[in-house]
Structures are given as structure tokens and as C-alpha cells.
Amino acid sequence: MKKRIAVLPGDGIGPEVIKQAKKVLEGVAMKFSHEFEYEYALVGAEAIDKTGSPLPEETIEICRRADAVLFGAIGHPSYDNNPKATVRPEQGLLQLRKSLGLYANIRPVKLFDSLIKHSPLKEERIKGTDLIVYRELTGGIYFGDKGRDEDGLSAYDVCKYSVNEIERVAVMAFDAAMRRRKKVTLVDKANVLETSRLWRETVQALAEKYPEVEVEYLYVDNAAMQIIQRPNQFDVILTENMFGDIISDEASVITGSIGLLSSASMGDQSSLFEPIHGSYPEAAGKDIANPIATILSVALMLESFGLHKEAKSIRTAVDRSIEQGLVTPDLDPVSHITCSKAGDVISLFIEAEEPKEVNFENMFEGSLPVI
Ligand code: IPM
Ligand code: MG
């Protein structure tokens with residue numbers, strides 16, 4: 001299979017983790033005889049520096065003509081504490097989601113058994129956690145009218161949703177539930193917000209078409225609590241843009257590191273794959289970031305191409321690297337390897353038929369894999 005991939009490394013640790021993801025893709029290409037063609041494009045703070053815009057027109061064109069977009073991270077500290085900045089790196093990602101019509105953001109949260117000890121939560125609470133968040137991505141408060149009143153002393157962000165916007169992501173969530181454990185939890189704030197009441201109405205109507213799916217409704221404040229107390233009760237969580245942003249970061253804590261969580265953003269024409277973590281500027285250039293979230297995002301990308309065997313080989317390679325303790329400092333502050341070595345290890349595991357064929361002693365020149 002031949003596929004064209006738009007690569008947007010972005011800011012902070014973005015370029016480092018993308019480099020590892022590309023190594024892994026090349027490993028897959030070699031092993032399964034595929035051909036991936038890469039077209040790089042600017043986004044975020046780097047794009048602002050070079051072009052004045054966080055999302056240059058050329059980047060959108062490159063993404064539109066690609067079969068999928070692989071995205072690193074976005075954001076730079078010089079903008080974070082400057083509420084007066086008129087252009088911001090994050091606008092690049094938001095505009096990209098909107099321009100490509102990526103209305104469903106899918107974030108799987110699955111516990112790696114070998115990492116259960118890394119979770120700040122008690123083992124008995126989190127055992128068996130395997131949930132997936134379907135977050136609406138191009139509507140709600142993120143994209144409603146926003147501004148300041150004339151005197152500058154009041155500001156507003158409008159939250160608006162249409163039935164169509166709710167339905168199209170809800171259908172994806174219900175279809176996913178049918179392939180999984182057949183449960184959907186709608187997270188909203190229907191006791192307060194009119195948009196949430198429209199979400200409930202729409203989801204209730206849709207649920208009739210999926211009689212096998214158990215549907216549960218939770219207010220977002222209660223959901224925030226339940227996700228920490230009993231995450232293994234969830235299968236598919238469906239929610240609007242802002243609640244999904246918050247809940248998915250919260251859910252990432254369960255697995256022990258946000259550096260493990262991948263995501264897919266899907267629309268009718270395009271798809272984008274990115275780690276859920278941000279640009280982590282403190283780590284940029286130090287070769288310490290965890291590339292697994294981006295590498296697992298590549299697995300999601302391959303699944304979207306129908307390349308299931310290939311995606312599985314990535315997941316197995318990631319599992320092996322974790323089981324053997326070949327991990328970055330976020331997962332093991334004492335004995336760890338660098339971001340680039342983690343990429344090497346995972347690609348080697350993919351290329352090797354059997355794990356014993358990989359000689360790590362050579363790779364680390366006989367020394368312990370510590371930075
Ligand atoms: C995410 C991020 C983005 C969001 C930011 C960078 C705009 O937090 O993808 O979750 O809020 O959607
Ligand atoms: Mg977020």
C-alpha cells in the first residue's frame with residue numbers, strides 16, 4: 001500500500017516524538033512492504049516565527065492532499081502568560097481541526113498491566129481499565145462567538161451546538177460501543193446547560209437505533225469523580241468539546257503517564273493523529289520525552305487505513321519495550337533510555353520476527369540503558 005502522510009511536528013517536544021514515530025512507520029513499511037511518502041509542514045509557534053501565521057495556507061493544502069496527518073504538539077511558553085497575544089500557536093491546531101472538518105476526537109485509555117504500579121491510583125481501583133473517549137472537536141464553546149464588550153471589562157465565549165453536530169459524533173461513539181462492551185456514557189451538564197439538554201435529547205433519540213447498547217448519563221462533575229474512583233466501569237465516554245478536553249487529560253493519569261496516550265481526530269474527508277500530551281517545553285531538545293503516545297497514534301492511523309496487522313505489530317512492540325523496562329524517564333526515573341533510543345527499540349521489535357533477534361546489548365554498547 002502507498003500512502004501520503006502530512007507531517008506536522010509543531011513545537012516543543014513535537015519534532016522529537018515525531019522523529020521516533022517516523023522511524024516506527026519506516027519499520028512497518030519495511031516489514032510489510034508498504035510505501036509511505038511524507039510531506040512536512042509548519043504549524044504553531046514555529047509557523048508564527050517563520051510566516052506570521054500559526055497555520056499557513058500551504059499547511060492546510062498539504063494536509064488536504066494527504067491520506068492522513070501526523071501531528072506532534074503545539075504551544076510555546078512565550079504565549080502562555082500573555083493573554084494579550086493576538087496570534088497564538090493553539091489557533092493553528094484549532095483552525096486545522098475546523099478546516100479539515102475533524103469533528104470526532106477519539107482518545108483510548110487502556111492500562112498497561114506492566115505499568116499498573118506507575119499509576120498514582122490504587123491498583124484495585126483501576127485494574128481492567130479500558131475506556132475510550134469520543135470528544136466532539138469542532139463545535140461548542142471552543143468555536144462559538146467570543147469577544148469583549150466595548151469597555152473591555154466583560155468577555156464572552158458562546159457555547160452552541162446543533163443536532164447535526166451532536167449526532168455525527170454520537171453515531172461514531174455508538175458504532176464503537178457495538179464493537180466493544182456495548183456501553184455509552186454521555187457526559188454533560190444537563191442540569192444547567194441548554195446545550196447539554198440538546199445533547200441528551202439527541203443521544204436518547206439515537207439510542208433507540210442501538211437497542212443492544214446500554215446508555216448512561218452523567219453530569220460532568222460526577223464523571224470527573226467517577227473516572228478517578230472507578231475508571232473500569234466505563235466503556236465509551238461521549239462528550240462535548242470542552243468537557244472532553246478536561247476529562248481526557250484526567251483519564252490519562254490512570255495509566256501512569258500522559259506520554260502513553262494516543263488520539264485520532266476523524267472527519268468525513270480527513271483524519272489527524274496526535275499524542276494527547278502538549279509541547280512540554282521544559283523537555284524540548286533534551287531527548288527525554290516519551291514517544292509512545294505518538295507511536296500509538298501511528299497505530300491508530302494504520303488501523304484507519306485498514307492495516308490491522310501492521311497496527312498490531314506496533315502495539316506488540318510497544319508492550320514489549322514496556323515489559324522489558326526500556327522506557328523513558330517519565331515511566332522510570334532511575335533506569336531509563338532516551339526518547340530516540342525508545343524509538344529505535346520499538347522499531348527493532350517491529351522489524352524482528354521474534355523478540356530474541358534483537359540484540360540490545362550492542363545497541364547500548366553493553367552498558368545499562370540509563371541516560
Ligand atoms: C488538546 C489540547 C488542545 C485543546 C489545545 C492545545 C488547543 O489541549 O488537544 O486536548 O484544547 O483541544
Ligand atoms: Mg487538552
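Taken together, the values in this text are just the output of simple stated rules run on the coordinates, not laboratory data. In this text, all values refer to a predicted model and were calculated from it rather than measured experimentally. Backbone-built Cβ (ideal geometry, glycine too); neighbour counts: all protein chains shown.
Points worth noting:
- Mean residue ellipticity, 222 nm, helices only, the chain: the sum of -39500 (n - 2.57) across DSSP H runs of n ≥ 4, divided by residue count and rounded to 500, is -12500 deg cm²/dmol.
- Here the extension length gained between Glu150 and Ile228 equals 23.8 nm, from 0.36 nm per residue of separation less the Cα-Cα distance.
- In a DSSP loop and with at most 10 other Cβ atoms within 10 Å, there are no GluC sites (Glu not before Pro) in the stretch 1-97.
- Based on C-alpha pairs under 8 angstrom that are at least 6 apart in sequence, the stretch 1-97 has a relative contact order of 39 percent.
- Listed by chain and number, the lysines whose C-alpha is less than 27 Å from the C-alpha of Lys50, apart from same-chain residues fewer than 8 away, are Lys19, Lys22, Lys23, Lys84, Lys98, Lys286.
- Loop-resident trypsin sites (Lys or Arg not before Pro) (DSSP state other than H, G, I, E or B) in the stretch 74-126 with no more than 13 further Cβ atoms inside 10 Å of their Cβ: Lys84, Lys122.
- Debye-formula intensities of the stretch 50-162, expressed as log10 I(q)/I(0) at q = 0.13 Å⁻¹, are -0.78 (one equal scatterer per alpha-carbon, no solvent).
- Restricting the stretch 257-359 to GluC sites (Glu not before Pro) that sit in a DSSP loop and have at most 11 other Cβ atoms within 10 Å of their own Cβ leaves Glu353.
- Reach of Lys117 by Cα under 16 Å, taken over aspartates and glutamates that are not fewer than 8 positions away in the same chain: Asp319, Glu323, Asp330, Asp332
- Ranked for footprinting exposure by Cβ neighbours inside 10 Å, fewest first, Ser279, Ser270 give Ser270, Ser279.
- The mean sequence separation of alpha-carbon pairs under 8 Å and at least six residues apart, normalised by the residue count of the chain, gives a relative contact order of 21 percent.
- The P(r) of the chain has a tail past 40 Å containing 13 percent of all C-alpha pairs.
- Count of lysine pairs in the stretch 120-255 with Cα separation under 18 Å (8 or more residues apart, or interchain): 4
- Extension gain for the segment Asn81 to Arg168, taken as residue separation times 0.36 nm less the Cα-Cα distance, is 27.7 nm to one decimal.
- Cα-only Debye scattering, the stretch 17-62: base-10 log of I(q)/I(0) at q = 0.15, 0.25, 0.32 Å⁻¹: -0.53, -0.84, -1.04
- Taking every C-alpha pair closer than 8 Å and separated by at least 6 residues, the mean separation divided by the residue count of the stretch 120-255 gives a relative contact order of 38 percent.
- Shape descriptor for the stretch 120-255: Rg over Rh equals 1.02 (Cα atoms; Rh from the Kirkwood inverse mean 1/r).
- Compared with the dominant Cα axis of the chain, that is its longest principal axis, helix 339-351 is turned about 80°.
- Alpha-carbon centroid distance for the pair the stretch 121-153 / the stretch 305-340, whole angstrom: 28
- At R0 = 35 Å, FRET efficiency that the Cβ-Cβ distance of Met242 and Asp49 yields, to 0.05: 0.75
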